[in-house]
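Q: Structure incoming, see below.
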Amino acid sequence: SGLRRVPIGNRVTSIVDGAFSGCSGLTSITIPNSVTSIGDDAFFRCSGLTSVTIPDSVTSIESHAFFRCSGLTSITIPNSVTSIGSSAFSGCSSLTSITIGNSVTSIGGSAFGDCSNLEIVYWNATACESVGSTPGVHMDTAFEDCTKLTTVVIGDNVSTIPDYVFYCCSGLTSVTIPDSVTSIGWSAFANCSGLTSITIGNSVTSIGDSTFRDCSSLTSVTFNGTKAQWKAVSKDINWNYNTGNYTVTCTDGKLDKNGNEIT
């Protein structure tokens, strides 16, 4: 725990499991470009760590890698990273912003859970395949208990919004889904009870089961396409169950919640 700064040689290819676990006095670290993986519990409870730069060489960040690093204020996951393990950054209570790179395809349950001061997420994951644990088994979602998350910025390279990704993020008030997105996954924004407005890009062709379920404050949906396009979007059962009495504004007019014309 007395460590302050640690040099890591440029021949190191991985930071092994538990390498600096419990080093609460560690304040800074430089990870060289030779490192490709950050192991389980690598910086577990390094509460004094205030900043870390993850180099473009890293492809995986394993479970609990930065668990309860309560001094970290921002994190950038580079475009090289493809997987983020469960609870990797859970309990990082000082984190206010996270940037997720475009190559991430898998994020474990509670990866950013209980980041109680997280306000903004920059989501650039082009086609993330899985977030959190298996539905119906144990719902640990990526941003579980991030109640202060108010802003999600989705990159214009993103094609898929994965299942459960922002489930129960009650602080979200508005979301813009860019024109690059073609599908929005199951329960992606379910139980976002503070969500009042959504903008959906004109390339969306499918909306999954319970995608906006229990978004009870929802009053406005803007669709960047025509009324005919909106009606043609495949919408699974319960996709909008228990939502507010919203209006869908399309480029050529308005529809009510049930898809009926508003004159």
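The values are calculated or read from the model by the stated rules, or taken from the named source; none is laboratory data. Computed from a predicted structure; not experimentally measured. Neighbour counts are summed over all protein chains in view; Cβ atoms, including those assigned to glycine, are modelled from backbone coordinates with ideal geometry. Keep in mind that these areas ignore ligands, DNA and RNA; they rest on the heavy atoms of the full protein, side chains included. Shrake-Rupley method; radii C 1.70, N 1.55, O 1.52, S 1.80 Å.
Q: Rounded to the nearest 500 deg cm²/dmol, what is the calculated helix-only ellipticity per residue at 222 nm for the chain, with -39500 (n - 2.57) per DSSP H run of length n ≥ 4? List each step's numbers first, then the result.
A: On the way: 1 runs with 6 residues, N = 263.
Computed ellipticity for the chain at 222 nm equals -500 deg cm²/dmol.
Q: Further question on the same structure: List every residue whose amide H lies under 5 Å from the amide H of residue 144, counting only residues 5 or more places away in sequence or on a different chain, with H placed 1.01 Å from N in the peptide plane.
A: The answer is 110, 112, 113, 114.
Q: Out of 63, 47, 110, any idea which swings most in a Gaussian network model of the chain, alpha carbons joined below 10 Å?
A: Greatest mean-square fluctuation among the candidates belongs to 47.
Q: Read through the labelled values (1) 13.8; (2) 17.1; (3) 12.6 and report the label of the one computed as mean projected area of the Cα convex hull in nm² from the structure.
A: (3)
Q: Now for a different question. Tell me, what is the per residue accessible area of the range 31-74 in Å², probe radius 1.4 Å? Working shown, then result.
A: Working: 1600 Å² over 44 residues.
For the range 31-74, the solvent-accessible area averages 36 Å² per residue.
Q: May I ask which residue of 243, 212, 9 lies farthest towards the positive end of the charge dipole of the chain, with charges of +1 (Lys, Arg) and -1 (Asp, Glu) on Cβ and the Cα centre as origin?
A: 9
Q: What whole number of Å gives the distance from the Cα centroid of the range 67-133 to the Cα centroid of the range 184-223?
A: About 22 Å separates the Cα centre of the range 184-223 from the one of the range 67-133.
Q: Starting from the amide H of residue 200, placed 1.01 Å from N in the peptide plane, find each other amide H under 5 Å away whose residue is 5 or more places distant or on another chain.
A: Here the answer is 177, 222, 223, 224, since their amide H atoms fall under 5 Å of that of residue 200.
Q: Skip the ligands, DNA and RNA, and give the accessible area per residue of the range 122-255 with a 1.4 Å probe, whole Å². Don't skip to the answer; put the middle values down first.
A: On the way: 5430 Å² over 134 residues.
Result: 41 Å² per residue.
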